[in-house]
Amino acid sequence: MSGRNAGQDDAHGYIGGSIHYPESLRAIVPHLSELLGPDIRSPAVFDSHVPVIVDQVTAFFEAVHGAHDRARAVLESGELYCLYLRDFALAGENGSVEQGDDGKLYQNIHLTPSDGGAEAFLAQALDGVTPVVSCFNTLNAWGINKAVAQGVEIASLRLLTHNWQATLASLIDGARSIVMIRSPSLAGDGGDGVQFELKALLALGQGPRTVMVYDGAGQQGRLLDAPKGLHAHFGLNTAMLEKGGPESDDLAQCVRALAGDGFRRERLTPPVEIPPCRVVDKGYGPEHFSGGGYAVSDYPLLIPESLQEAAEALQNNMPLLLERWEKIEESIGPDLDREAVAQSLAVALDCFVAGTVIEDYRAMAFALSVAGGAHHLLSGRAELHKQCIDAANRLMQWDWRPDFPAPGR
């Protein structure tokens, strides 16, 4: 996934050419791309769009980290839990191709809310019975934030390429009950993740503790293809779960009875260690961290080839930004070089995007504080500056270098 940074002058130290966005950030790529576009230089566009972008990007990272930390807390407490599994196609952007009246084929992009609704429904159904743990789908970040705003504490681990299989198997092994939602919109029996989950839960003897739900009205016929020996099967429209009704009530009653029956499972495998949350999946396989290779703790330092451009842009531009901003702070007054301030603002936005792409919270925080300060100097208004400082301090809580002071101005 890449975006073009059109109309910027490389001589000013801006990111030139195109930048690759990791799939993990797909939900916020439109916001990041807008910060690199030429229209953002318009004061009117800047004032109307940047506050929203800052809020949305920060909220995205808060959603992932918050859900991951809640899941870690459940697992570290030793409390019994219900594991929620599903096709990731139930959230985010889905595409379809349809033929128009003119005979031409048109691609439609639409959002599917089923994942967020189903997870919130399950958490509410089991409230007071047992916590629900799931694996985070970055395309469902807004659904998670919506649920949290409504008082539903979603606990969802952010898994990465190098640890998802081992962690999922461990989660399945340790679950008191499992609810699995499968989407008929996917071809065949689902993706690799779904097949791995099905094989793992059957191999670990968790079939009798699993409730299988086929998403979509009228899917009862698909139940004939469900694995044998499961606790229960349902076919219903998961997008309607939150609205209630007989089918929702039946499912809620079923999962409550299963999760609250007093069953205590003895694990067949030792639990795996759950590391702190990292949002950007860099695509490394498990072999990268075994056999004398890198340690998992090295993950924040590793930059894959696909993200090298962003890392190099940040390395080249951040010292320039720091030097310029120090000079600007020293010259605040009648002799302020407004052109230098405007250039620093543009570089700060570029550095914020590059820092976001490689998940460098220190760079993101500093770039935001400079962008807010530069806008304050140019406009005379402090609102955005205060918002940027607040967002920068929120981002710094996840920096893996705790010795770095939080932005204060």
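Residue-by-condition table, conditions (1) buried (at least 16 other Cβ atoms within 10 Å of the Cβ); (2) touching a strand residue (DSSP E or B) at 6+ places or on another chain (Cβ under 6 Å); (3) under 20 Å from W400 (Cβ atoms):
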{"residue": "G262", "(1), (2), (3)": "no, no, no"}
{"residue": "P271", "(1), (2), (3)": "no, no, no"}
{"residue": "K282", "(1), (2), (3)": "yes, no, yes"}
{"residue": "H288", "(1), (2), (3)": "yes, no, yes"}
{"residue": "L307", "(1), (2), (3)": "yes, no, yes"}
{"residue": "M318", "(1), (2), (3)": "yes, no, yes"}
{"residue": "L321", "(1), (2), (3)": "yes, no, no"}
{"residue": "I332", "(1), (2), (3)": "no, no, no"}
{"residue": "A354", "(1), (2), (3)": "yes, no, yes"}
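Evaluation of V179 against the conditions (1) within 27 Å of P304 (Cα to Cα); (2) among the β-branched types (V, I, T); (3) at pLDDT 90 or above shows that the sole unmet condition is (1). Within the range 300-345, the only residue that satisfies the criterion of being of a type in the set (K, R) and in contact (Cβ under 8 Å) with a residue 40 or more places away in the chain is R338.
Only one of the listed residues (A346, A342, A365) is assigned to a helix (DSSP H, G or I) and within 24 Å of S24 (Cα to Cα). That residue is A365.
For the range 234-264, taking the residues that are part of a loop (DSSP other than H, G, I, E, B) and more than 26 Å from A141 (Cβ to Cβ), the one that is modelled with the lowest pLDDT is identified as G245. Being in a loop (DSSP other than H, G, I, E, B) and over 24 Å from L139 (Cα atoms) is a property that holds for R267. Could you list, in sequence order, all residues of the range 280-325 that are among the charged types (D, E, K, R) and assigned to a helix (DSSP H, G or I)? Hits for the range 280-325 are E287, D298, E305, E309, E312, E323, R324. For residues that are of a type in the set (V, I, T) and surrounded by 24 or more Cβ atoms within 10 Å (Cβ to Cβ), tally how many sit in the range 358-379. So the count comes out to 1.
Taking the range 112-136 as the range and being surrounded by fewer than 24 Cβ atoms within 10 Å (Cβ to Cβ) and modelled with pLDDT under 80 as the test, the residues that pass are T112, P113, G117. Criterion first (β-branched (V, I, T) and either modelled with pLDDT of 95 or more or farther than 28 Å from S48 by Cα (or both)) does V341 satisfy it? It is false that V341 is β-branched (V, I, T) and either modelled with pLDDT of 95 or more or farther than 28 Å from S48 by Cα (or both). Going through (1) at pLDDT 95 or above; (2) part of a loop (DSSP other than H, G, I, E, B) one by one, A391 falls short only on (2). Contact annotation: residue pairs with Cβ atoms under 6 Å, 6 or more positions apart or on different chains, pairing a residue in the range 233-244 that is crowded, with 18+ Cβ neighbours inside 10 Å with a partner that is polar (S, T, N, Q), are G235/Q219; G235/Q220; T238/S114; A239/S114; L241/S248. When I109 is tested against (1) at pLDDT 70 or above; (2) surrounded by fewer than 19 Cβ atoms within 10 Å (Cβ to Cβ); (3) under 28 Å from V29 (Cβ atoms), only condition (1) is not met.
The values are calculated or read from the model by the stated rules, or taken from the named source; none is laboratory data. Keep in mind that this is a model prediction, so the values were computed, not measured. Don't worry about glycine lacking a Cβ; one is built from the backbone with ideal geometry, like all the others, and counts go over all protein chains shown.
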